[in-house]
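J.: So that we are looking at the same thing, I have put the structure below in structure tokens.
The values are calculated or read from the model by the stated rules, or taken from the named source; none is laboratory data. Note that this is a predicted model, so its numbers are computed, not measured. Here the Cβ positions follow ideal geometry from the backbone for every residue, glycine too, while neighbour counts run over all protein chains shown. Surface areas here come from the heavy atoms of the whole protein model, side chains and all, with no ligands, DNA or RNA. Shrake-Rupley method; radii C 1.70, N 1.55, O 1.52, S 1.80 Å.
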Amino acid sequence: MPDMIFLSIINHNHDHLIVANTTLPLIAQSNPVIIKSNTPASDALKNFATRYKITLLDCDYGLGFGENNNYVFQYLVNNNLITDADYFLVINPDVVIESHEFKKLDDAIKTYKSDIFTINLFHDQYYTKPELSVRRFPKLTGPLKGLLSKESRSDAYDKKSITQPLEVDWAAGSFLLFKKSAYEILGGFDTKYFMYFEDVDICRRAKKMEMPLMYLPNIQAIHKGAFNNRKLYSRHFRWYLISYLTYHFLS
């Protein structure tokens, strides 16, 4: 059996986004898709999963982002569904990747040797507004400056100048593709991060263990992120601040 990519999608009241994703059923025809619902799944999502033979884990609500993805990974391992030759893709429910781009990804991971991969994310359907999704490891004040000002993050790579696959420090957890063995060795995400910085942390640990992260600029997808962490005094901002302090002082 050829290497497979297992998609892990964490649903937190994103039922409508997932059901409206017309490319996901096409990808699911040849790649196992697992949706872990962190909130009770709607009938529409249940019907969608059944129709397109997508595994829906509608249980154990209220977990953090990293813990939910670890839950999916452990489900695959415990049920002997994933092998050491396979890949584990952490992908947000608001990321839309066309099936032909996914095929390019499948080809690329067979061409380039790396333990972790990420792709070129954009904010808009015309692929004109690149997301700052690949960055250098943050300094103490960098993330807060990015939140509290309108200036661009100084730690972001200039994606427009990158035309060939490049090893980068870290990439957003909205799209991170791991070799199964790499995710296992890393122990998955560190669950002390409920939300935010768990992606920076796992990439930093991978770097220390000499597991490279490869950015593939020619593979594109759309990320419809809400970026709720920018809203001061919101729950998401509090989570972001706690994770920021944890990363810099407790990791």
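J.: Count neighbours as other Cβ atoms within 10 Å of each site's Cβ, and list the trypsin sites (Lys or Arg not before Pro) in the range 89-119 that are DSSP loop with at most 11 such neighbours.
T.: Of the trypsin sites (Lys or Arg not before Pro), the ones in loops of the range 89-119 whose Cβ has at most 11 other Cβ atoms within 10 Å are K113.
J.: Could you calculate the FRET efficiency of Q29 with S154 from 1/(1 + (r/R0)^6), where r is the beta carbon distance between them and R0 is 35 Å, rounded to 0.05?
T.: So, using R0 = 35 Å, E works out to roughly 0.25.
J.: Using the Karplus equation 6.51 cos²θ - 1.76 cosθ + 1.60 (θ = phi - 60°), what ³J(HN,Hα) coupling, rounded to whole Hz, does each residue of the range 178-190 give in order, writing x for Gly and Pro?
T.: My calculation for the range 178-190 gives 10, 4, 4, 5, 5, 4, 5, 4, 6, x, x, 6, 7 Hz in order.
J.: Tell me the per residue accessible area of the range 11-101 using a 1.4 Å probe; a whole number in Å² is fine.
T.: 46
J.: Let me ask you something else. Using a probe of 1.4 angstrom, how much of the accessible area of the range 9-105 is carbon and sulfur, in percent?
T.: 51
J.: Going through the range 39-73, which trypsin sites (Lys or Arg not before Pro) have at most 14 other Cβ atoms within 10 Å and a DSSP loop state?
T.: K53
J.: Right, here's the next one. Under 5 Å between amide H atoms, partner at least 5 residues away or on a different chain: which partners does D155 have, H built in plane at 1.01 Å?
T.: Amide H to amide H, under 5 Å and 5 or more residues apart or across chains, D155 pairs with nothing.
J.: In addition: Given the pairs K104/K129; K180/K208; K160/K180; K36/K139; K160/K224; K113/K180, which span a C-alpha to C-alpha distance of over 23 angstrom in this model?
T.: Beyond 23 Å between Cα atoms: K160/K180; K36/K139.
J.: Related question: Considering only protein heavy atoms and a probe of 1.4 Å, how much of the accessible area of the range 175-227 is carbon and sulfur, as a whole percent?
T.: 54
J.: Give me the base-10 log of I(q)/I(0) for the range 1-144 at each q in 0.20 Å⁻¹, Debye formula, one uniform scatterer per Cα, rounded to two decimals.
T.: Rounded to two decimals, the profile gives -1.41.
J.: Taking amide H atoms as placed 1.01 Å from N in the peptide plane, list the residues 5 or more away in sequence, or in a different chain, whose amide H sits under 5 Å from that of H12.
T.: HN-HN under 5 Å from H12: N38.
J.: Continuing with the same structure: Along the range 119-132, what does the Karplus equation 6.51 cos²θ - 1.76 cosθ + 1.60 (θ = phi - 60°) give for ³J(HN,Hα), rounded to whole Hz, x for Gly and Pro?
T.: Karplus-based 3J(HN,Hα) across the range 119-132 equals 10, 8, 9, 10, 7, 10, 6, 9, 6, 10, 10, x, 7, 7 Hz.
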